[in-house]
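Chemist: Here you go, one structure.
Every number in this text was worked out from the coordinates using simple rules, so none of it is lab data. All of these numbers come straight from a predicted model, not from anything done at the bench. Glycine also receives a Cβ, built like all others from the backbone with ideal geometry; neighbour counts cover every protein chain displayed.
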Amino acid sequence: MTTPRITLDQWQALQALADHGSFSAAAQDLELSDSAVRFALHKLEDKLQLKLLEQGEDGRVRITDAGHVLLDRARQLMAEARKLEGLARDLREHDDTCINLVVDTGFPTNLLLEALRRFEEAGTPARINLREVAPLGVQRALRAGEADLALGSEIPEGFKGQPITTIEYVAVAQPHHPLHDIKRKLLPKDLTRHLQIIVQGASGQFQSSGAWVRSERQWTVATLHTALTLVKAGLGFSWLPSHLVKHAIEHGEIKPLKFQAGGSYHVSMFLVVRDAMECGPAAAKLASILQQINADPKQSARA
């Protein structure tokens, strides 16, 4: 491995000169002597074997074109160095790290519980702030910086995600719902005049799956559990995760709608880390456990 020849102090001197326009002002900002700033910049040019400074017609020192190219990258380097120091400070001051975990209510409960059980058994000293939200809530939490880790069906722009599991959604209604009285397998047009219960932010999932049928009558609710409650009450039909409705189906509270084609669709769930560079050891441990569960065929089969 090649050791960098340039120190952060030398890059910082170049940045201060560019920001303040003179050696004296840069020295004052850095709390150094004029000569110390000049020496740092001289060593920088010498090590790079590149001219970074030049004298202008007005006698003031200026950054060369090559210097400006390097300056842009130097600013990024200094910003990353400050982030690294901040992470170290957080690790020093917060041994009981708090992990903000935001989870789409459609994520399988058994997988989440297994991950939390393994995390607790590992003895990781951390507090977990768990929030279960509607699909749009996951994206909002990530963009607002309110989630260290998130489990959801979509990856917001600017973030990276890893597939964790796939969820089957099925159309269901109460056993006495008029759709169950149709003496044949259903067609999409059969749904259009019946009340459809939609979870806020879920329409994008339907549309991308190709299973979306837009009813003329719709109610939008905040959570999957509210949608299930309304379906049980016979107020309408809804597309809901099969793992969520399994118990209600087995106890005769609701029944799957039978279609000629397209009676179910699948949605991928992703693990999204807010910022890998700022992810502490506790959050990294929980993320690793979630990835292991994804790779465990026994757990995936029960999702």
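Chemist: Kindly put LEU8, LEU44 in sequence by how many other C-beta atoms sit within 10 Å of each C-beta, fewest to most.
Modeler: Working: LEU8 12, LEU44 23.
If I rank by nearby Cβ atoms, fewest first, I get LEU8, LEU44.
Chemist: What ranking of LEU195, LEU290 emerges when the number of other C-beta atoms within 10 Å of each C-beta is taken as an exposure proxy, fewest first?
Modeler: LEU195, LEU290
Chemist: Structure shown: which of LYS189/LYS255; LYS160/LYS255; LYS83/LYS285; LYS185/LYS232; LYS185/LYS246 lie over 26 Å apart, alpha-carbon to alpha-carbon?
Modeler: Pairs exceeding 26 Å: LYS160/LYS255.
Chemist: Then there is this: Suppose every Lys and Arg Cβ carries +1 and every Asp and Glu Cβ carries -1, with no other charges. What dipole size does the chain come out with about its Cα centre, to the nearest 20 debye?
Modeler: 1640 debye
Chemist: Could you tell me the relative contact order of segment 102-246? Use alpha-carbon pairs under 8 Å, at least six residues apart, and round to a whole percent.
Modeler: The normalised contact order for segment 102-246 reaches 29 percent.
Chemist: Report the relative contact order of segment 8-93, percent, no decimals, based on alpha-carbon pairs under 8 angstrom and at least 6 residues apart.
Modeler: Details: 71 pairs, mean separation 23.4, N = 86.
Relative CO of segment 8-93 lands at 27 percent.
Chemist: What's the longest piece of the chain with no exposed GluC sites (Glu not before Pro), counting a site as exposed if DSSP puts it in a loop and it has at most 10 other beta carbons within 10 Å? Write out the running numbers ahead of the final one.
Modeler: Values: sites that count: GLU31, GLU57, GLU157, GLU216.
Maximal segment without exposed cleavage sites: 58-156.
Chemist: Right, next: Test of understanding: ordering VAL231, VAL61 by Cβ neighbours within 10 Å, fewest first, what list do you get?
Modeler: By the 10 Å Cβ count, ascending: VAL61, VAL231.
Chemist: Name the residue, out of LEU230, LEU271, LEU77, whose mean-square fluctuation peaks in a Gaussian network model built on the chain with Cα pairs under 10 Å.
Modeler: LEU77
Chemist: Run through the DSSP bridge list for the chain and note the antiparallel percent, rounded to the nearest 5. Numbers along the way, then the final one.
Modeler: Working: 22 of 39 bridges.
If we restrict to bridges inside the chain, about 55 percent are antiparallel.
Chemist: Follow-up. In degrees between 0 and 90, to the nearest 10, how far off the longest principal axis of the chain does helix 109-121 point, with axes built from Cα atoms?
Modeler: So the inclination is approximately 50 degrees.
Chemist: Can I ask one more? List the residues, sorted by chain then number, that are 5 or more residues from VAL133 or on another chain and whose placed amide H is less than 5 Å from its amide H.
Modeler: Under 5 Å from the amide H of VAL133: VAL103, ASP104, THR105.
Chemist: What label, among [x] 47; [y] 62; [z] 58, belongs to percent of Cα pairs over 25 Å apart computed from the structure on display?
Modeler: Calculated percent of Cα pairs over 25 Å apart: the matching label is [y].
Chemist: Given the options PHE23, ALA222, PHE39, identify the residue whose Cα lies farthest towards the positive end of the charge dipole of the chain (+1 on Cβ of Lys, Arg; -1 on Cβ of Asp, Glu).
Modeler: Farthest towards the positive end: ALA222.
Chemist: I'd like the Karplus ³J(HN,Hα) series for segment 253-270: coefficients 6.51, -1.76, 1.60, θ = phi - 60°, whole numbers in Hz, and an x wherever there's a Gly or Pro.
Modeler: 6, 9, 9, x, 7, 9, 10, 5, 7, x, x, 7, 8, 10, 10, 7, 10, 10
Chemist: Pick from GLN200, GLN28, GLN162: which is most flexible by mean-square fluctuation in a GNM of the chain where alpha carbon atoms under 10 Å apart are linked?
Modeler: GLN28
Chemist: Quick one: Karplus J couplings for segment 215-230, per residue in order, coefficients 6.51, -1.76, 1.60, θ = phi - 60°, nearest Hz, x for Gly and Pro?
Modeler: 6, 6, 10, 9, 10, 10, 10, 7, 9, 5, 5, 5, 4, 4, 4, 5
Chemist: Once the piece of chain linking ARG184 and ASN110 is laid out straight, how much longer is it, given 0.36 nm per residue of separation minus the C-alpha distance between them?
Modeler: Separation in residues times 0.36 nm, less the Cα-Cα distance, equals 23.1 nm.
Chemist: Between LYS160, LYS189, LYS43, where does the largest GNM mean-square fluctuation fall for the chain, given springs only between Cα atoms within less than 10 Å?
Modeler: In the Gaussian network model the winner is LYS43.
Chemist: Restricting to segment 166-267, compute how many DSSP beta bridges are antiparallel as a %, nearest 5.
Modeler: Numbers: 10 of 16 bridges.
Counting DSSP beta bridges with both partners in segment 166-267, the antiparallel share is about 60 percent.
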